[in-house]
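Reading through the structure tokens given below for one structure.
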Amino acid sequence: MATTAPPTTDEAAAIWSTKAQVLDRNWLDWLAAHTMFLFPLHHCEGTFSLTPTELVFTGFHKRDPKDPQPGNDGGEAARVVIRISKADIVDVVHGFDDAFSVWQERTLGLSYKPLIVRFRRPAGSTGSADPTDGEGVDAIYFGLNVDPIKKRWGDNALFKAKLDDWLKA
């Protein structure tokens, strides 16, 4: 599960959802996000890595069936990898927006606020491009080093500053 961080400061345990997943949430997602001792709204768990040229999310969808690939004995969940080029990032926000509102978080933003990375999808790619902006801008909502019991807010503020510095470099 996503409660312990990998060893370097440019990596962190992560929970995340794409904009399409947030918009397609159901009552079970809402209930889980509002239950004590459970993580905020998310669909995937794994790690976040910050490289010199991209953000990388690697993990698994918490509800996906086991990976059907040859050689897998059924013991591993299907792997999810999302790579976002530094050049494609439009902005980074520590807070809420129209898709992931304060009402989706049980503390109403008093302790947990997601990090939101808005980015342009490369031409020809598929995904949850926001139809309202007309420019193929998508978003990913994530929490880093979140512990639902001890440290629900996680390290989102720390990584917001780190991402701002990374984008300026």
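The values are calculated or read from the model by the stated rules, or taken from the named source; none is laboratory data. What you are looking at is a predicted structure, and each value in this text was computed from that prediction instead of being measured. Positions of Cβ are backbone-derived with ideal geometry, glycine not excepted, and every protein chain shown enters the neighbour counts. Remember, those area values only see protein heavy atoms, side chains included, never the ligands or the DNA or RNA. Shrake-Rupley method; radii C 1.70, N 1.55, O 1.52, S 1.80 Å.
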Item to complete: Pull up the range 71-123, narrow it to residues that are β-branched (Val, Ile, Thr) and open to solvent by 50 Å² or more (accessible area, probe 1.4 Å), then point me to the one that is modelled with the highest pLDDT.
Response: Val90
Practice prompt. Among what's in the range 127-169 and is part of a strand (DSSP E or B) and either acidic (Asp, Glu) or out of contact with any strand residue (DSSP E or B) (no Cβ under 9 Å at 6 or more places or on another chain) (or both), pick the residue that is modelled with the lowest pLDDT.
Written response: Lys151
Item to complete: Hey, could you check the range 6-19 for residues that are surrounded by fewer than 22 Cβ atoms within 10 Å (Cβ to Cβ) and either out of contact with any Asp or Glu (no Cβ under 8 Å at 6 or more places or on another chain) or at pLDDT 90 or above (or both) and say which is nearest to Leu167 (Cα to Cα)?
Response: Asp10
